[in-house]
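Asker: Before we start, here is the structure in question, set down as structure tokens.
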Amino acid sequence: MFEWFKTICASLVIAIGITLLVQPTIVSGQSMYPTLEDNDYLLINKLAYKKGIPTRGDILVFKSDLIDDKTNHKKNLVKRVIALPGEHILIKNNEVYINGKYLIEDYLNDVYTDGDIDIVVPNNHVFTMGDNRPKSGDSRNSEIGTVPLDNVIGEVALRAYPFNKFGKIK
């Protein structure tokens, strides 16, 4: 009987530990296509930025003030980090520049970046965009803007479903 109790307690400790480290989420929409697709099931590393900040190119999940029409709750968004705190981002003529240097984005698939942005990213914020720029609500949109690091839930660590695409996200 005692061994059975120890097994249950150990299982509970492991389950609670995992929920503190990892959070599942499902992609809703096409804003990160072709990297991520609608209904992809992702696992988020919630500890990724506890001791540091995101790096350019990371895909992260963050809290937004946007309201989901179906649930009437605030949306979590999945986007790619483009510019870091203190960096100057310029989007002009469909091209992205960070601190005056053209940003090479080989994860994009013949997509142009619309919008006229010329800002310095505030301290403790990042500038994010979706990989499917024409279909992405992101930091170019005043309703989202730059993302406070306190709103970052974590980094996308792994696609768990569909199974044929299981693995780390680049």
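Asker: Show me the strands (runs of 3 or more DSSP E) entirely contained within segment 73-143 in which 1 or more residues are farther than 16 Å from Met32 by Cβ and over 18 Å from the mean Cα position of the chain (by Cα).
Answerer: Here the list reads 88-92, 95-98, 117-120.
For (1) modelled with pLDDT of 85 or more; (2) in contact with a Pro (Cβ under 8 Å, 6 or more places away or on another chain), each residue gets a yes or a no:
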residue	(1), (2)
Trp4	no, no
Ala10	no, no
Val13	no, no
Gly17	no, no
Thr25	no, no
Gln30	yes, no
Asp38	yes, no
Leu43	yes, yes
Gly52	yes, no
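Asker: Output the residues belonging to segment 49-72 that are outside any strand (DSSP E or B), among the hydroxyl-bearing types (Ser, Thr, Tyr) and closer than 24 Å to Thr113 by Cβ.
Answerer: Thr55
Asker: Right, another one. Within segment 144-157, can you find the residues that are in a strand (DSSP E or B) and either at positive phi or under 12 Å from the mean Cα position of the chain (by Cα) (or both)?
Answerer: Val147, Val152, Ile153, Gly154, Glu155, Val156, Ala157
Asker: For segment 158-170, name all the residues that are among the charged types (D, E, K, R) and in a strand (DSSP E or B).
Answerer: Correct list: Arg159 only.
Asker: Provide a single number: the residues in segment 24-40 that are outside any loop (DSSP other than H, G, I, E, B) and among the hydrophobic types (A, V, I, L, M, F, W, C). Give the steps one after another, and end with the answer.
Answerer: Filtering segment 24-40 for residues outside any loop (DSSP other than H, G, I, E, B) gives 24-26.
Right, trim to among the hydrophobic types (A, V, I, L, M, F, W, C) and you get 26.
The total comes to 1.
Asker: Next question. What pairs come up if the first residue lies in segment 140-156 and is under 27 Å from Lys168 (Cβ atoms) and hydroxyl-bearing (Ser, Thr, Tyr), the second is modelled with pLDDT of 95 or more and part of a strand (DSSP E or B), and their beta carbons are under 7 Å apart, counting only those six or more places apart or on different chains?
Answerer: Thr146/His125; Thr146/Val126; Thr146/Phe127
The values are calculated or read from the model by the stated rules, or taken from the named source; none is laboratory data. Just so we're clear, the structure is a prediction, and the values are computed from it rather than from any experiment. All Cβ positions, glycine included, derive from the backbone under ideal geometry; neighbour counts span all protein chains shown.
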